[in-house]
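> This structure is in structure tokens; I'll ask about it shortly.
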């Protein structure tokens, strides 16, 4: 059976996959996929056809059909049970996806498909963490109350009842899987709790990153109070030092990846060494269409100029003068 090269390409692009990503999903080499799409191979073996069809979520016979319009491809994918997710991500999150893919060899498709698994694991972990904390506090309250037994002059130790009353709400919140703490006790606000910086799930993620020493993950890079997904998730960066090394900190290299003009996985392997940084930056920036770069540059030029002197950042004098 043949594979129509245009059909394969359109199905791949309809799922927003590069050749490398399709290779990762299908376990068919990128070289083979490239040769099929170039028309150099039109009758790959059965195993290759089966793997490609499975990765794309279609029947093997669909690959042999003439390439139809995108609407027809979408119809076939929908019939197979595939659905589009409606939503947008900011440039920083796009970079996070790219760095997970680069660091761990995970495709964007795999990230999307496993997101429910990972969020569920973290959510359940946060509830267990809160339950353990609540149990510790309950034990501490009981110890505190026992101190005043037969010692009336220490009766103020019984003030722990306030915490015990608040714990009732905490246990109820945990039981209802209220991971963001929308139903926690109002008492917490009397002791400095601030929803602008904290919620139980975000605090668990911060604790977990510290507990496992997740050096590749930076939580709250701009300080607490910067949220993603409304006021729920803490701001984060994935492997920021590695991303800095890849882009050399060049504004246009960063722009090329952030705005989807190219992908880290598409950078030629011979450009990835530290000694090829300049060439890599040139390659990355070349992927930005001229009209897009001009439009962005015009916008940058329109921004008010910052007076460094007013910030105490005047001209740096040569220390040898």
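Computed from the coordinates by the stated procedures, all read-outs in this text should not be read as laboratory data. What you are looking at is a predicted structure, and each value in this text was computed from that prediction instead of being measured. Every residue, glycine among them, receives a Cβ derived from its backbone with ideal geometry; neighbour counts consider all protein chains shown.
> Give me the three principal axis extents of the range 79-160 from the C-alpha atoms, as integers in angstrom, largest value leading.
Result for the range 79-160: principal-axis Cα extents of 73, 30, 22 Å.
> Stretched out fully, how many nm does the piece from residue 153 to residue 224 gain, at 0.36 nm a residue minus the Cα gap?
Using 0.36 nm per residue and subtracting the Cα-Cα distance, I get 21.3 nm.
> Which peptide among 243-249, 41-47 comes first, and what is the full order, when sorted by highest mean count of other Cβ atoms within 10 Å?
For the peptides 243-249, 41-47, the packing ranking is 243-249, 41-47.
> Follow-up. Sticking with the crude label model, points 7 Å out along Cα→Cβ, report the distance from residue 64 to residue 2 in nm, one decimal please.
The two pseudo-label positions are separated by 1.1 nm.
> Something else about it: Project the alpha carbons of the range 239-308 onto their principal axes and report the range along each, largest first, in whole Å.
39, 29, 20
> A further question follows. Give the peptides 102-114, 276-288 in descending order of average Cβ contacts within 10 Å, highest first.
Most protected by this proxy first, the peptides run 276-288, 102-114.
> If you don't mind, there's one more thing I want to ask. Rounding to the nearest 10 and keeping the result within 0 to 90°, find how far the Cα-based axis of helix 91-104 lies from the longest principal axis of the chain.
Compared with the principal axis, the helix lies near 80 degrees.
> At 0.36 nm per residue, and after removing the present C-alpha to C-alpha distance, how many nm does the segment from residue 187 to residue 294 gain when stretched out fully?
Working it through step by step, the gained length comes to 33.1 nm.
> Classify the range 20-59: rounded, prolate or oblate, from the alpha-carbon gyration tensor (a ≥ b ≥ c, eigenvalue square roots; a/c under 1.5 rounded; otherwise prolate if a/b is larger than b/c)?
oblate
> Please give, to one decimal in nm, the separation of the simple spin-label points placed at residue 132 and residue 165, each 7 Å out from Cα toward the Cβ.
3.0 nm
> Here's something else I'd like to know. Multiplying the sequence separation of residue 146 and residue 106 by 0.36 nm and subtracting their Cα-Cα distance, what value in nm do you get?
9.0 nm
> Against the longest alpha carbon principal axis of the chain, how many degrees, from 0 to 90 and to the nearest 10, is the axis of helix 290-302 turned?
40 degrees
> So, one more: Per DSSP H run of n ≥ 4, the term is -39500 (n - 2.57); total these for the chain, divide by its residue number, and report the mean residue ellipticity at 222 nm rounded to 500 deg cm²/dmol. Walk me through the intermediate numbers first.
On the way: 13 runs with 167 residues, N = 321.
About -16500 deg cm²/dmol.
> Cα axis of helix 277-286 to longest principal axis of the chain: angle in degrees, 0 to 90, nearest 10?
So the helix axis and the longest Cα principal axis differ by about 70 degrees.
> Which of 239, 115, 155 ends up with the largest GNM mean-square fluctuation for the chain, with Cα atoms connected below 10 Å?
155
> On the Cα set of the chain, report Rg and Dmax in Å, please.
27.4, 92
> At a 10 angstrom cut-off on C-beta neighbours, averaged per residue, how do the peptides 49-59, 122-132 rank from highest to lowest? Don't skip to the answer; put the middle values down first.
On the way: 49-59: 18.8, 122-132: 15.8.
The densest-packed peptide leads the list: 49-59, 122-132.
> Using 7 Å Cα-to-Cβ label points, what is the residue 303/residue 208 separation (nm, one decimal)?
Here the answer is 3.4 nm between the modelled labels.
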